[in-house]
Amino acid sequence: MNNILDWKEYSRSARNAAAEGCVLLRNEKQALPIRPGETVSVFGRIQLDYYKSGTGSGGMVNVPYVHSILDGLREHKEIQIYEPVLTEYRHWTKEHPFDRGNGWGTEPWCQEEMPLSDAFVADAAAHSDLALIVLGRTAGEDRDNTLQEGSYYLTQAEREMLKIVCAAFSRTVVVLNVGNIMDMSWVDDYRPSSVLYVWQGGMEGGCGAADILCGLSPSGRLTDTIAFDYSDYPSSRNFGSTKENFYAEDIYVGYRYFETIPGADKAVNYPFGYGLSYTTFERALVSAEEKQGVIRVRVNVTNTGKYPGKEVMQLYAQAPQGVLGKAKRVLAAFEKTRLLAQGETQLLTLEAPVAQLASYDDLGKIQKSAYVLEKGKYQFYLGTSVRETEQVFCFTMPEDTVTEQLTAKLVPTSLAERLLSDGSFEKLPQSEPNDPDYSAIKRVPREESDGFSPAVRALPGHQIWSQPYKKDAHIFMEVAEGKITLDEFVTQMTDEELAHILGGQPNTGVANTFGFGNMPEYGIPNIMTADGPAGLRIEKKCGVVTTAWPCATLLACTWNPDMLYQVGAAGAAEVKENNIAVWLTPAVNIHRSPLCGRNFEYYSEDPYLTGKMASAMVKGIQSKHIAATVKHFACNNKETNRKESDSRVSERAAREIYLKAFEIIVKEADPWCIMSSYNIVNGHRTSENRELLEDILRGEWNYQGMVTTDWWTSGEHYKEVKAGNDIKMACGFPESLLRAKEAGVLTREEMEICAKRILGLILKID
């Protein structure tokens with residue numbers, strides 16, 4: 001490696017991020033932080049076997065080390081670890097090694113726990129000031145969590161550990177090293193003093209968690225609502241089907257449901273935006289006004305407590321119910337303070353465009369296919385969670401106002417009903433499917449479309465400058481130098497060459513994913529891609545180690561876009577140093593259900609928070625002149641049978657919830673690449689869906705970048721090209737494209753359009 005990477009700085013950044021995303025849910029009688037001079041007994045094998053991330057493409061980073069929570073505690077010399085407990089765990093784990101399963105998608109979600117005796121715990125309590133219990137869960141791609149012990153629920157061994165330790169110690173702190181929200185009913189059963197979500201914090205996560213435990217004031221806030229029971233979540237009735245998932249809760253996802261639907265508020269254990277601190281803050285409203293279509297709230301935040309700390313100010317909007325119906329609270333803006341010393345004050349300004357509050361009218365109750373601000377009173381509430389707020393501003397819209405007129409897209413044909421704000425359901429129009437699974441040419445068999453088949457255009461081990469260029473051809477460098485246009489360059493290519501450009505190819509470097517380009521006869525380089533978002537994923541056999549950053553949920557819990565920018569820029573520098581040009585991150589699908597196995601890769605139940613945080617990540621990545629890849633577009637909210645699962649969702653819910661984060665990112669961060677998802681939406685495969693990729697993404701949002709499929713999607717390659725899905729990864733089917741062109745169902749112009757977008761991305765790489 002060159003000396004452009006500052007590993008010490010990366011470690012510090014990863015540690016700081018891991019700490020800032022920790023969320024303190026409970027802290028009775030100020031049980032935390034651990035005081036200097038205190039002795040701690042640590043229970044639970046995960047104190048030694050820390051989960052840095054989930055598994056699959058978003059987590060399997062080859063790292064130089066992983067610091068456990070115990071490692072982190074050891075760094076704090078002012079506290080003591082009760083060694084007899086630790087010694088017993090070390091002996092036991094040698095005889096009961098960590099079970100890694102058989103690889104991708106087979107890892108057990110939890111690990112066997114050491115049985116505890118009353119006498120053993122009583123001895124620890126007699127020699128310690130407090131107990132830490134560390135519980136852990138992994139998560140991962142291609143597999144969802146289940147309503148079973150060891151997944152969403154605690155195991156019997158974990159419950160027994162909580163029961164014995166909480167009974168023996170006057171101060172017990174439970175630390176949750178997890179990727180997903182899990183059942184929290186046990187808190188009322190065993191009543192530990194403190195509960196701290198430390199998520200999956202990357203290779204420095206154990207140290208970041210220890211920093212919080214030992215005195216750094218927590219400033220993480222929940223990006224999801226935690227309900228008392230799984231059945232309380234609105235998606236619980238329609239999640240996990242292997243064929244169709246009906247998004248009958250519509251726009252009422254997460255806190256939008258719990259704060260709006262009558263009686264649902266009683267199901268909330270911990271509300272959206274919630275999180276405790278070791279210090280206290282006071283806020284003083286300075287001003288609140290509407291000017292030129294923007295709500296602007298200014299507030300002074302003062303640290304009134306004993307510890308330095310950060311506070312998050314959250315602005316929520318309440319729109320009139322009108323005829324369309326609306327969530328009672330919607331996050332409209334947020335800001336986080338810097339680290340404030342005792343007595344220090346910072347002025348924060350929160351801004352929210354009024355148009356942001358418009359509702360999409362998909363049935364024509366006011367004006368069909370339009371975003372509408374309904375007449376009536378708009379109220380704004382400022383606070384530190386969706387529940388802890390006070391009204392700071394109000395204005396009245398005198399009449400219904402259309403903010404944007406669109407056309408109907410992604411209309412469901414078989415979604416029978418959807419939830420309304422009063423808890424009832426409205427019937428939706430039904431019709432015959434409007435996208436039959438046609439195929440103008442013979443389909444590629446599924447067994448040939450997965451994995452590394454078929455054979456692709458592979459030219460390993462060469463350098464493009466050592467290859468002879470095609471006689472009399474213009475080379476790609478001429479486009480980069482402005483000597484010819486991209487149109488002129490593409491025009492000279494044969495149909496066969498175009499067909500090869502539109503499919504992925506094996507990398508010649510260290511990344512574990514395929515790349516694209518790789519046509520030395522035209523001077524087109526081999527552009528390599530690599531997985532994210534937990535860090536740069538490189539084949540272990542290459543011997544290259546990289547930084548494992550905190551999981552996306554943890555990063556979102558920081559509520560700090562500046563930190564996301566820094567993480568993105570640091571990660572991108574590492575990607576670039578390894579000669580990789582396209583980083584497959586961020587993943588921004590909505591946390592529709594706590595059971596989605598891939599939630600650790602995603603940010604939140606809220607599209608606005610997701611969009612703002614991921615926009616910062618994209619900007620940070622692309623500041624290093626490599627491509628971010630925003631994924632998975634769209635409605636990829638579960639992993640069970642992900643390639644054949646059909647997400648049945650209303651046009652309104654799609655636009656307001658499941659597409660909104662992507663829209664924010666496109667308009668604010670200009671990502672160079674977007675990845676379509678595996679799944680089907682309303683009968684249309686996303687990778688083959690022209691309404692999604694061309695009409696909405698490029699037409700309505702003016703997206704100018706490249707679209708790639710996910711790896712080995714089940715879509716037909718020629719249908720994907722026609723839909724505006726520029727490249728099929730990890731490998732294309734050039735013969736299929738050529739047959740489709742010969743059959744008259746694919747044109748050369750359509751192939752050229754996609755090729756130019758692929759080559760346009762390559763031109764941006766520095």
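The values are calculated or read from the model by the stated rules, or taken from the named source; none is laboratory data. None of the values given here were measured: they were computed from a predicted structure. Neighbour counts are summed over all protein chains in view; Cβ atoms, including those assigned to glycine, are modelled from backbone coordinates with ideal geometry.
Which count do you get for residues in the stretch 517-533 that are at pLDDT 90 or above and in a loop (DSSP other than H, G, I, E, B)?
The total comes to 1.
If we scan the stretch 608-631, do we find a residue that is of a type outside the set (D, E, K, R), at pLDDT below 95, under 24 Å from Ala534 (Cα atoms) and not assigned by TED's automatic domain parsing to the domain that holds Trp104? Walk me through how you get there before you give the answer.
Quick first cut of the stretch 608-631, residues of a type outside the set (D, E, K, R) only: 608-611, 613-618, 620-623, 625-630.
With the extra rule that they be at pLDDT below 95, the set shrinks to none.
No, that holds for no residue.
I'd like to verify a number: residues in the stretch 237-261 that are more than 17 Å from Tyr360 (Cα to Cα) and in a loop (DSSP other than H, G, I, E, B), how many?
Here is the first cut: in the stretch 237-261, the ones more than 17 Å from Tyr360 (Cα to Cα) are 237-246, 254-255, 257-261.
Then keep just the ones that are in a loop (DSSP other than H, G, I, E, B); that gives 239-243, 254, 259-261.
Result for the stretch 237-261: 9.
Just wondering, is there one or more residues in the stretch 43-55 that are part of a loop (DSSP other than H, G, I, E, B), of a type in the set (S, T, N, Q), surrounded by 23 or more Cβ atoms within 10 Å (Cβ to Cβ) and in the same structural domain as Gly201 (by TED's automatic domain parsing)? Write out each step before concluding.
At the first step, the residues of the stretch 43-55 found to be part of a loop (DSSP other than H, G, I, E, B) are 44, 48-54.
Subset that is of a type in the set (S, T, N, Q): 53.
Filter once more, so that each one left must be surrounded by 23 or more Cβ atoms within 10 Å (Cβ to Cβ): 53.
Those left that are additionally in the same structural domain as Gly201 (by TED's automatic domain parsing): 53.
Yes, the conditions are met somewhere in the stretch 43-55.
Being farther than 30 Å from Ser645 by Cβ and surrounded by fewer than 16 Cβ atoms within 10 Å (Cβ to Cβ) is the filter here; which residues of the stretch 107-119 pass it? Even if it seems obvious, please write down each step before you answer.
So the first thing to find is which residues in the stretch 107-119 are farther than 30 Å from Ser645 by Cβ, and the list is 112-119.
Passing the criteria: Pro115, Ser117, Asp118, Ala119.
Between Ala332, Ala327, which is within 30 Å of Thr407 (Cα to Cα), assigned to a loop (DSSP other than H, G, I, E, B), at pLDDT 95 or above and in contact with a helix residue (DSSP H, G or I) (Cβ under 8 Å, 6 or more places away or on another chain)? Spell out how you get there, then give the answer.
Details: Ala332 fails: assigned to a loop (DSSP other than H, G, I, E, B).
Residue meeting the stated conditions: Ala327.
What are the residues in the stretch 663-699 that are of a type in the set (D, E, K, R) and either in a strand (DSSP E or B) or closer than 21 Å to Ile590 by Cα (or both), if any? Explain how you work it out, then say what you get.
Start the filter on the stretch 663-699 by keeping residues that are of a type in the set (D, E, K, R), which leaves 663, 667-668, 670, 685, 688, 690-691, 694-695, 698.
Within the stretch 663-699, Glu663, Lys667, Glu668, Asp670, Arg685, Glu691 qualify.
Take the residues in the stretch 126-143 that are more than 21 Å from Phe98 (Cα to Cα) and in contact (Cβ under 8 Å) with a residue 12 or more places away in the chain; name whichever of them is surrounded by the fewest Cβ atoms within 10 Å (Cβ to Cβ). Talk me through it step by step, then tell me what you get.
Filtering the stretch 126-143 down to residues more than 21 Å from Phe98 (Cα to Cα) leaves 126-131, 142.
Then drop every residue that is not in contact (Cβ under 8 Å) with a residue 12 or more places away in the chain, which leaves 127-131, 142.
Working: His127: 14, Ser128: 22, Asp129: 18, Leu130: 23, Ala131: 27, Asp142: 18.
Per the criteria, the residue is His127.
Have a look at Cys166, Cys207 and point out the one that is out of contact with any Cys (no Cβ under 6 Å at 6 or more places or on another chain), without any contact (Cβ under 8 Å) to a residue 40 or more places away in the chain and crowded, with 18+ Cβ neighbours inside 10 Å. Working first, answer last.
Details: Cys207 fails: without any contact (Cβ under 8 Å) to a residue 40 or more places away in the chain.
Within the list Cys166, Cys207, the selection yields Cys166.
Could you please find all residues in the stretch 727-756 being part of a loop (DSSP other than H, G, I, E, B), in contact with a Ser or Thr (Cβ under 7 Å, 6 or more places away or on another chain) and closer than 23 Å to Ile696 by Cα?
Passing the criteria: only Met729.
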